[in-house]
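The values are calculated or read from the model by the stated rules, or taken from the named source; none is laboratory data. Here the structure is a predicted model, which means the values were calculated and not measured. Neighbour counts run over all protein chains shown; Cβ positions are idealised from the backbone, glycine included.
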Amino acid sequence: MNRNDLLPIGELARRTGLAVSAIRFYEEKGLVQALRTGGNQRRFLRSDIRRLSFILIAQKLGLGLAEIEAELSTLPQGRTPTLGDWQKLSRSMRKQMDAKIQLLTRTRAKLDECIGCGCLSLDRCRLYNKDDRAGAGGAVGPRFVLD
């Protein structure tokens, strides 16, 4: 392995925009793996920029750490993932992402309407949920968006 392929943690932080403490946290969780120098300094593979970038994007998409861990565990450790590796990960996430997109789309459409709180405080609620019919079905909550 070429020494130019290894990055100190500060450089990895600069390249990803993450705090050093966040990189250490992800290392502790096993999402990235540091190599140690003779002086016990952390060195990361250049490909860890991509892994950490994936983590940031996945979190912005609303994936939890456990979901991210599961997906990253399918990528090879110790080498740069290939296009095929990333495509495999993408295919495994597609159903999850499509469901989140549908929920976001439904929520966006419902934000201008009553979202099913059963409050009857709006004129539209009197029309769509006369006498709180939705409440008869049990806890209302965000039923009209999540169902």
Restricting attention to helices (runs of 4 or more DSSP H) lying wholly within segment 20-89, give those where 2 or more residues are under 20 Å from D5 (Cα atoms). 20-28, 48-60
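For R42, state whether it is loosely packed, with under 12 Cβ neighbours inside 10 Å and in the same structural domain as G10 (by TED's automatic domain parsing).
For R42, the condition - loosely packed, with under 12 Cβ neighbours inside 10 Å and in the same structural domain as G10 (by TED's automatic domain parsing) - is not met.
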On the given criteria, is L56 assigned by TED's automatic domain parsing to the domain that holds L104 and either among the hydroxyl-bearing types (S, T, Y) or farther than 25 Å from L104 by Cβ (or both)? no
